[in-house]
């Protein structure tokens, strides 16, 4: 008997080799088709096995040899889409969950702790909707990741839905698509369905055979992890009714679907349930606040959460294991990993997400990590990528479809990397130091240009306010790089914005201004701008002596380089300090000199600022009607310039001056005018200050 079986095995190998050789050279298409050799090998092997099997059956029928009781059970593919192995019916392509075998000897396995409880966390309404959709048999659906490319639990949800519903269908066909091309997916599905084709069968023949095989079966078909390669020929292998089909994919826009299910991250309650499943309810309850922080750190991503829970479990035995692991995970994205298994490594999972990008797009994607996590404007992305805006929008559209980038909700067009992906991309960018420095410096230059083009604070430029986080991040980057010149341009070109809008960031602003002088600035004009800004902060803090000293140094430098506009600005600032000290004659002299210079260089804004200061000076002389007339002239200039913010500031400052002189009713009148102007600007912080001024006038 054994001799017969060995003969048949040898015959099968010979026939397979002959079939491959003949087909390979007789049909050249096999040589040019991607994966053609492997496909041909499968077809030839199946054909040879069928021939040898038929010959064996014939010989057995003729009595040449008898089947023994120990013979390997036959594999039978029936017409209901199930496989019969040794009398047990198993669904086609079914993933059977059986107890795990004992772990193999592996050095890294010792670091993986046993799970305390294996619990699948129900994903709420979306899971119920998926099951209802499949149960109804309404065609083809898809689960796609909405808030992250990987780790959201798309496959796990599909597995649990399939396990619950498989009894409602004739069979279950599960296909792991991944990086397979449409011909490879078709061949895989044919193999799982037990369909044998003759050697050299064309792709059209294979597609037709698959359709014919599936059209009479009511199968539940799961196409898992569909990527860009397979999408190009999705209709080649997408079964029609009566099959129910579910796709999982990182790609959001998939054609041909009856319904798209957008799977979001876990809710805080689901995250807590997952942590309890791994760590135990008592452990989580004992560190409730730390557990909540850890879930937020993981962006409520199921995979990241389970990795974090397993890592925290390793630390059990020390006091507060969750808090201790949170400290590690908070510091580094790379802590979200379990050694020894790429499936438990967020970085490896996200590596897969970029497989559909070419090398150029991978670099563009990583470059986006130069921005603050709060987001960026498409114009900024175009600047970093060195391309025109329409092309940048097309690239962003591709990234959105691959779940790499998301739209920031709001009135203006802005984008951001998905949760955790900003850290992943940042790590990749950091690995290329030259690229990192280039992109972050480019962002800083874009920020400088944006604020330079919009030096005046007004309600017409809300998109400038949106870039506050990118401004602060760029300043800190320049200081970290010890680039005094770049830092100086960042903190001086944005002077008006820091002084009027970003007041909560003044502690950073003054620290950066001082850092500029410490790092050294060769450009005298730039150094003068820094000294002037430092003087402005000191004046606001009522450190008048220090302010005058800073202004004096700045004035010398501006005069040395012949910057008449800079000289005029500093003279006006010196006049403000002198007016505060009630040295009105000196103040009037400084304002007069500044006014001449502003008019000489044609700076209407500077001229208006000086006239507004002279108006307040007239108030202190006691001539209120004359001061009001001067103020109306200033407001007219503001409106010609289009400086609505300064209009409100002029009214507000005039009101404060009147209040200090004891004219409460008149002060309230101008405070209300200030409020009306600031309402148009839409600056809530200033509105609160004006409301405080109005309240003071009413006391």
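Coordinate-derived values only; no laboratory data. Since the model is a prediction, treat every value here as computed from it, not as a measurement. Don't worry about glycine lacking a Cβ; one is built from the backbone with ideal geometry, like all the others, and counts go over all protein chains shown.
The table for this structure:
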quantity: Cα-based shape type of region 462-552, given that a ≥ b ≥ c are square roots of the gyration tensor eigenvalues and the cut on a/c is 1.5; calculated: oblate
quantity: Approximate spin-label separation residue 691-residue 559, in nm, with each point projected 7 Å along Cα-to-Cβ; calculated: 4.7 nm
quantity: Neighbour-count order for 678, 399, fewest beta carbons within 10 angstrom listed first; calculated: 399, 678
quantity: Simple label model, 7 Å out from Cα along Cβ direction - residue 434 to residue 585, nm; calculated: 6.6 nm
quantity: Region 587-699 shape via C-alpha gyration tensor axes, a/c threshold 1.5; calculated: oblate
quantity: Largest-first principal axis extents of the Cα set of region 149-213 (Å); calculated: 40, 31, 13
quantity: Calculated SAXS-style log₁₀ I(q)/I(0) at q = 0.11, 0.21, 0.26, 0.27 Å⁻¹ - region 268-347, Debye, Cα scatterers; calculated: -0.22, -0.86, -1.35, -1.45
quantity: Neighbour-count order for 509, 174, fewest beta carbons within 10 angstrom listed first; calculated: 174, 509
quantity: Shape call, region 364-522: gyration tensor on alpha carbons, a/c limit 1.5; calculated: oblate
quantity: Region 274-322 and region 197-266: distance between their alpha carbon centers, rounded to Å; calculated: 38 Å
quantity: Net length gained if the chain between residue 204 and residue 166 were fully extended (0.36 nm per residue, minus Cα distance); calculated: 10.7 nm
quantity: Theoretical gain in end-to-end length, residue 215 to residue 296 [0.36 nm per residue, Cα-Cα removed]; calculated: 24.5 nm
quantity: Nitroxide proxy distance, nm - points 7 Å out along Cα→Cβ at residue 544 and residue 262; calculated: 5.9 nm
quantity: Difference of contour (0.36 nm per residue) and Cα-Cα distance, residue 620 to residue 633; calculated: 2.8 nm
quantity: Per-residue Cβ neighbour rank within 10 angstrom, fewest leading, 409, 273, 431; calculated: 409, 431, 273
quantity: Span from the region 397-433 Cα centroid across to the region 576-609 one, whole angstrom; calculated: 48 Å
quantity: Calculated FRET value between residue 362 and residue 482, using beta carbons and R₀ = 41 Å, to 0.05; calculated: 0.85
quantity: Residue 412/residue 604 FRET efficiency (R0 25 Å; Cβ-Cβ; nearest 0.05); calculated: 0.30
quantity: Two-site FRET efficiency, residue 445 against residue 319, from Cβ-Cβ distance with R₀ of 56 Å, rounded to 0.05; calculated: 0.70
